[in-house]
Amino acid sequence: MNDITLVAKLLSGETVYVSPVHDQTYAEYVEADNLGGATGYFISRERGNNFEVLAKATSLDSARELFNMLVGGNRHI
């Protein structure tokens, strides 16, 4: 993933990311525009071979706050 803003490996083995998504990537992988477009920061989780978007924040500050709530003291790295 390019332009990862925040990343944390959790004790559970999951990895949580916060990053922007390029317009072309968004158009290619989001079939219905149910996330409100590519603008903003996407909070995502990778577990095994599964990757999913958990939330979207309009600003980096909001994304950072959500990230910290998710990872808290649960970081591996």
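Listed by position, the strands (runs of 3 or more DSSP E) enclosed by region 1-63 that each have at least 1 residues that are surrounded by fewer than 17 Cβ atoms within 10 Å (Cβ to Cβ), in contact (Cβ under 8 Å) with a residue 60 or more places away in the chain and out of contact with any Gly (no Cβ under 7 Å at 6 or more places or on another chain) are 6-9.
Of all residues in region 64-77, those being without any contact (Cβ under 8 Å) to a residue 24 or more places away in the chain and either in a loop (DSSP other than H, G, I, E, B) or farther than 18 Å from Glu46 by Cα (or both) number 3. The set of residues in region 64-77 that are over 15 Å from the mean Cα position of the chain (by Cα) and loosely packed, with under 11 Cβ neighbours inside 10 Å comprises Gly72, Gly73, Ile77.
All of the numbers you see were taken from the coordinates with simple rules; none came from a lab. Computed from a predicted model, the values in this text were never measured in an experiment. No Cβ is skipped: glycine too gets one built from the backbone with ideal geometry, and neighbour counts run over all protein chains shown.
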